[in-house]
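The values are calculated or read from the model by the stated rules, or taken from the named source; none is laboratory data. Remember, predicted model here, so these are calculated numbers, not experimental data. In this analysis, Cβ positions are derived from the backbone assuming ideal geometry, glycine residues included, and neighbour counts consider all displayed protein chains.
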Amino acid sequence: MVNPLPNANVQSEAVSISSDTGDVQHFIDGAFVSSASGATMENIDPATGQVYGSIAAGAQAEVDRAVEAANRAFSIWSKMAPADRSSRLLRLADLIDTNLESLARAESVDTGKPIALARAVDIPRAASNLRYFANAVLHHHSEAYEHQQGASRALSYTLRQPRGVAGTISPWNLPLYLFTWKVAPALATGNTVVAKPSEVTPVTAHRLAALSLEADIPPGVFNIVHGRGDEAGAAIVAHPQIPTITFTGGTATGKHIAATAAPMFKRLALELGGKNPTLVFADCDFETTVSGATRAAFANQGQICLCGSRLLIERSIFEKFTDAFVDRVQSLRQGDPLEESTQQGAVVSLAHQRKVLNAIDVARQEGGTILCGGEAAPAPNDRCRTGYFVKPTVITGLDEHCRTNREEIFGPVVTLMPFDDTDHAIRLANATDYGLAASIWTNNLKRAHHLADRVQAGIIWINCWLVRDLRVPFGGMKQSGVGREGGAEALHFFTEPKSVCLSLDE
Ligand code: NAD
């Protein structure tokens, strides 16, 4: 296959994808570069609290350069046959698979998450994102309607054209997983990209850039500007030549981004925070539900937007379920994220550890009873003696109106509340400003359907949690976001529909 764009800048610095370095540079026009100002930020390993690399801190100048390169590349990438774009993205997915072990290790070191989780979920899912959209774009079809008005006949059809440069901004909790969730559909549909991963966890995106060269993604098609949200991120959002912005992160940041993007008439997708309920009914499969609710509450140290942080339990089994749940939580193995057996690693940063511990203090002040956890966890070994660990925490005795049950904590903290009947369960489930996800555990199918209809959330799981089919719309209602990603929704988001009407009259 002929590469219609020039080769990547050979001056680009080599990137090792097997060592534990946390050094990160921008990737602009196919080359790794520092900031024009020379500004950098420290990259900290949360399991040790130690600086292990230096991150280029980008600002307006780097975003301008990246947009210039992306605009140049757009004229060629957008015209390339979808099958050619697809084959390069499939190659990138294969390269992620080939480098699974080193990427999983890098993700674990950068985030503090257990390496087993990064290996089983984060990195395979990044490859799946690329593979899914690389294939989906080949089967994406446009609609056509033949119609007649009086004696006149016409055919209307829709062209879906790439929109130009897409700005993608992603968070720290599932770094490569959520980064590729945005970049893959943008590129597959023929857009070029200026991406900003979280400054807290930039390493796997940096390594993906190196792999993109091997996958023959032409220079300028895929650019990364690293740095702080209020500098590099804000410059992407405000850039007049980036018409499409997709953001995943906190609700407060989303509000700020919407305020900038709306008067510029940008197309905007916002995937924001959550305070998700897990509803447990007395007729559930007890053991399966105890494990499901534990996983939903504490996977990735509770740092998944979809985590079930409010556990609502039917009153008749409240005590029995609470005892079994607390036992299960106390048996979670907290440890060095790089150890195979670890189930709970470190939280992502010192600032986040303080935020979570502060939220637990608020729960105490509100009158909550801490059934387990409630404090920083002791270091699991000498290597991690200055790391940021929080014990998995279970709180009870609070009603649905308090801050603890309304505000997102985004850490290993879950609250328990009893409910009396289905209507009460629905009221409690909906007693929050968020509406991202919910999981319902019951063997009564009729009730499950009724709850799926009434609970205000963009994603409902029945007797499971975090089972994801990439074809279904993904996103939240209320303050959990605007718009949907996934499947056809993403392909539509990144393309501009143009309706064409052709007269069929002779
Ligand atoms: P955050 O909002 O602080 O940052 C997210 C990204 O936005 C980062 O890359 C950051 O640098 C950037 N950013 C920050 N300020 C910005 C600004 N003014 N302009 C442009 N970009 C800016 O969020 P976080 O702390 O990284 O992630 C945690 C949050 O993300 C939680 O609220 C969680 O619920 C949410 N989240 C949501 C989903 C979802 O799909 N709904 C998925 C994962 C995480």
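Out of curiosity, is K498 without any contact (Cβ under 8 Å) to a residue 40 or more places away in the chain and over 19 Å from N276 (Cβ atoms)? Quick ask: steps written out before the conclusion?
Working: without any contact (Cβ under 8 Å) to a residue 40 or more places away in the chain: no; over 19 Å from N276 (Cβ atoms): yes.
In short, no.
Confirm whether A261 is within 12 Å of the ligand (Cβ to nearest atom) and either within 30 Å of V455 (Cα to Cα) or touching a strand residue (DSSP E or B) at 6+ places or on another chain (Cβ under 8 Å) (or both). It is true that A261 is within 12 Å of the ligand (Cβ to nearest atom) and either within 30 Å of V455 (Cα to Cα) or touching a strand residue (DSSP E or B) at 6+ places or on another chain (Cβ under 8 Å) (or both). Among residues of the range 211-249 being within 11 Å of the ligand (Cβ to nearest atom) and without any contact (Cβ under 8 Å) to a residue 60 or more places away in the chain, the one that is surrounded by the fewest Cβ atoms within 10 Å (Cβ to Cβ) is D230.
Does A359 satisfy the criteria of being outside the structural domain of D110 (by TED's automatic domain parsing), touching a helix residue (DSSP H, G or I) at 6+ places or on another chain (Cβ under 8 Å) and within 16 Å of the ligand (Cβ to nearest atom)? So A359 passes the test. Screening S503 against (1) more than 23 Å from Y132 (Cβ to Cβ); (2) within 16 Å of the ligand (Cβ to nearest atom) leaves a single unmet condition, (2). Of all residues in the range 313-336, those that are closer than 17 Å to G411 by Cα and either assigned to a helix (DSSP H, G or I) or more than 32 Å from the chain's Cα centre (by Cα) (or both) total 3. The residue list A297, A282 contains one member that is assigned by TED's automatic domain parsing to the domain that holds T432, away from the ligand (no atom under 11 Å from the Cβ) and buried (at least 24 other Cβ atoms within 10 Å of the Cβ), which is A297.
State whether the residues of the range 215-231 include one that is farther than 29 Å from M80 by Cα, among the polar types (S, T, N, Q) and more than 18 Å from the chain's Cα centre (by Cα). Walk me through it before giving the result.
To start, the set of residues in the range 215-231 that are farther than 29 Å from M80 by Cα comprises 227-231.
After this cut, where a residue has to be among the polar types (S, T, N, Q) as well, the list is none.
Within the range 215-231 (the criterion being farther than 29 Å from M80 by Cα, among the polar types (S, T, N, Q) and more than 18 Å from the chain's Cα centre (by Cα)), the answer is no, since none of the residues qualifies.
Within the range 156-167, is there a residue that is under 27 Å from L270 (Cα atoms), out of contact with any Gly (no Cβ under 6 Å at 6 or more places or on another chain) and assigned to a helix (DSSP H, G or I)?
Here is the first cut: in the range 156-167, the ones under 27 Å from L270 (Cα atoms) are 158-167.
Narrowing the set further to residues that are out of contact with any Gly (no Cβ under 6 Å at 6 or more places or on another chain) leaves 158-161, 163-167.
From what is left, the residues that are assigned to a helix (DSSP H, G or I) are none.
No, that holds for no residue.
Scanning the range 313-340 for residues that are out of contact with any Phe, Trp or Tyr (no Cβ under 8 Å at 6 or more places or on another chain), in contact (Cβ under 8 Å) with a residue 24 or more places away in the chain and closer than 19 Å to A379 by Cα yields Q330, G335, D336, P337, L338, E339, E340.
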